[in-house]
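Accompanying notes for the structure given below.
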Amino acid sequence: MTQPLGEALAQCRRHADVLAKARADLPERFDAVHVQSPSDALVRAGDQFVLRFIKLQDTLGEQVLRPFTAEVLGEPVTDLPLIDVLNRLERFGYLRLRDWARWRALRNALTHEYPDRPDLRVAVLNDALDAADGLAGLLARLESRWNTSEAGGAPT
């Protein structure tokens, strides 16, 4: 079920805020020791980071991007595939398709533990650390435009 855009953006903001707090409790970079012998605190922060990364990416993709493009930008995307919505958002400068594809691939990779591949787990976690700022940046751009729109700005 789709929720109103303002509520979906607020939900994304909650995910992004918790993601940032969890990120602050993680190492700058993961290494094999972090994934093979993590402390309880690292497991908790890592789980929260992974969960909120996934939830933020999912909520943006499922609840925000299409209604934002239709309601705020005034683009007729209601019945278009998501790739067409993403193309419009790229054209307006909100995201780059390659970034969205990377975030989606990371979201999918983060759902796996890779217990026999600590090197792969390290690589995925480090990629997610790098990508978290980009995902939060997309949200900030959408929120900024939404706030302008809510203040009476017309679609551009």
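The values are calculated or read from the model by the stated rules, or taken from the named source; none is laboratory data. The structure displayed is predicted, hence computed values, not measured ones. Cβ: placed from backbone, ideal geometry, glycine included. Neighbour counts: every protein chain shown.
A few points about this structure:
- Being β-branched (Val, Ile, Thr), in contact (Cβ under 8 Å) with a residue 24 or more places away in the chain and touching a Cys at 6+ places or on another chain (Cβ under 9 Å) is a description that applies to THR59.
- Cβ pairs under 8 Å, 6+ apart, first in segment 65-83 and under 18 Å from ALA101 (Cα atoms), second of a type in the set (Gly, Ala, Ser): LEU82/GLY61
- So LEU9, is it assigned to a helix (DSSP H, G or I), under 15 Å from TYR94 (Cβ atoms), within 14 Å of the chain's Cα centre (by Cα) and in contact (Cβ under 8 Å) with a residue 24 or more places away in the chain: yes
- Answer from ARG121, ARG88, ARG145, ARG107 - the residue that is basic (Lys, Arg), in contact with an Asp or Glu (Cβ under 6 Å, 6 or more places away or on another chain) and surrounded by 16 or more Cβ atoms within 10 Å (Cβ to Cβ): ARG88
- Take the conditions (1) within 24 Å of GLN3 (Cα to Cα); (2) over 16 Å from the mean Cα position of the chain (by Cα); (3) not acidic (Asp, Glu); ARG121 misses just one of them, which is (1).
- So GLY93, is it on the phi > 0 side of the Ramachandran plot, modelled with pLDDT of 95 or more, loosely packed, with under 13 Cβ neighbours inside 10 Å and out of contact with any Lys or Arg (no Cβ under 7 Å at 6 or more places or on another chain): yes
- Some residue of segment 56-71 being closer than 20 Å to ALA123 by Cβ, surrounded by 14 or more Cβ atoms within 10 Å (Cβ to Cβ), under 15 Å from the mean Cα position of the chain (by Cα) and not β-branched (Val, Ile, Thr): yes
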